[in-house]
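One structure is given below, represented as structure tokens, and several questions about it will come after.
Each reported figure results from applying straightforward, stated rules to the coordinates on display, with no laboratory input. Just so we're clear, the structure is a prediction, and the values are computed from it rather than from any experiment. Every residue, glycine as well, gets a Cβ built from its backbone with ideal geometry; the counts of neighbours run over all protein chains shown.
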Amino acid sequence: MDLGIAGRWALVCAASKGLGKGCARALVSEGVNVVITARGAEALEATVAELRVLNTGVQVRSVTGDITTPEGRAAALAAMPQVDILINNAGGPPPGDFRDWDRAAWIAALDANMLTPIELMKATVDAMAERGFGRVVNITSGAVKAPIDILGLSNGARSGLTGFVAGLARQPKLAGRNVTINNLLPGAFDTDRLRKTMQGAAQKTGQTIEALTAARAKSIPAQRVGHADEFGALCAFVCSAHAGYLTGQNILLDGGNFPGTF
Ligand code: NAD
């Protein structure tokens, strides 16, 4: 299927690794020009080189910086001629116990996982509406649908974003102008983030990372964790010309892990 987005410009935040990179790979494969961001230049440049090999016919630009800061966001936006597609992503907050979190910990989580995507939408969606095409995908988490005890900062901050998006996506001046805003909710995916969580659990329990990873996979109906490229493929479809009637939705990709009927 031709997704009908070749030649568009996408800003893919936090995309040197993991799910963001999976989204960038899928969009570049579809002929979309991308600006990708990350804090570390080394991994970012390696991903730029990989994307350029994937499709020599598109422009791939990179911006090094922290997307959760006003300077990081301004630099990313300045590298784009226009934003047709916005993929909001940033690192997830640390695990822990809410008794240990002070105001600064909450503000950091809100900045990264709620206010940064809102600021980037504020900077882009009205111009998308004027041009009659726009796609926003927020990478959130399955924790929005089924909270994870130790990820209270993530449960809270991402739920705030989800509530806000539910209202914004339904504004006729956006939805009625072919601007869609959707959230993709990852379950367990094989990325550095998951590997670090497994490392922490291995240290705590004395079990090996391999044993813990195998047990995690077995607990998922699909009997495995997800791959960033399959996350990217869905993201690209949600950003496609064919998905203009899909907006304000929370789409879970978790190998069937959430046990509800809906
Ligand atoms: P990852 O650690 O593999 O990759 C994160 C990427 O984001 C890296 O490229 C990193 O450089 C970049 N990054 C992080 N913070 C940034 C910042 N402030 N500014 C710019 N770049 C930044 O993580 P991932 O697994 O791809 O996760 C992406 C998001 O999805 C995270 O918010 C994570 O919490 C969430 N998530 C992941 C999973 C999973 O299983 N992997 C599950 C649920 C939710």
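Angle check, please: helix 18-29 long axis (alpha carbons) against the longest principal axis of the chain (alpha carbons), in degrees 0 to 90, nearest 10.
Computed tilt is about 30 degrees.
Using only Cα positions of the range 72-134, each an equal point scatterer, no hydration layer, compute I(q)/I(0) via Debye at q = 0.18, 0.23 Å⁻¹ and quote the log10 values to two decimals.
Once normalised to I(0) and log-transformed, intensities are -0.71, -0.96.
Give me Rg/Rg_expected for the range 1-59, where Rg uses Cα atoms only and Rg_expected = 2.2 N^0.38 Å with N residues.
Values: Rg = 10.6 Å, N = 59, 2.2 N^0.38 = 10.4 Å.
The reported ratio for this selection is 1.03.
Same structure again: Might you list the cysteines of the chain that have no disulfide-compatible partner by the rule of another cysteine's Cβ under 4.7 Å?
Result for the chain is 13, 239, no neighbouring Cys Cβ within the cutoff.
Given the options 68, 247, 208, state which has the largest fluctuation in a GNM of the chain using a 10 Å cut-off (strictly under) for Cα springs.
Highest fluctuation among the options: 208.
Express in nm, to one decimal, how much length is gained between residue 105 and residue 205 on full extension, taking 0.36 nm for each residue of separation and deducting their alpha carbon distance.
Details: separation 100, 0.36 × 100 = 36.00 nm, distance 2.60 nm.
Once the chain is fully extended between residue 105 and residue 205, it gains 33.4 nm.
As a check on your grasp of the helix formula, calculate [θ] at 222 nm for the chain: sum -39500 (n - 2.57) over DSSP H runs of n ≥ 4, divide by the residue count, round to the nearest 500. Walk me through the numbers on the way to the answer.
Working: 10 runs with 115 residues, N = 262.
Value at 222 nm, helices only, nearest 500: -13500 deg cm²/dmol.
With the radius of gyration and the Kirkwood radius both derived from the Cα set of the range 120-212, what is their ratio Rg to Rh?
Values: Rg = 17.8 Å, Rh = 15.4 Å.
Across the range 120-212, the Cα-based Rg/Rh ratio is 1.15.
I need the peptides 223-231, 170-178 ranked by packing, meaning the mean over residues of other C-beta atoms within 10 angstrom, with the highest value on top. The partial results should precede the final answer.
Working: 223-231: 16.7, 170-178: 14.6.
Descending mean neighbour count gives 223-231, 170-178.
Which semi-axes, in whole Å and largest first, does the equivalent ellipsoid of the chain have when worked out from the alpha carbon gyration tensor as the square roots of 5 times its eigenvalues?
Numbers: eigenvalues 161, 85, 73 Å².
In descending order, the three semi-axes are 28, 21, 19 Å.
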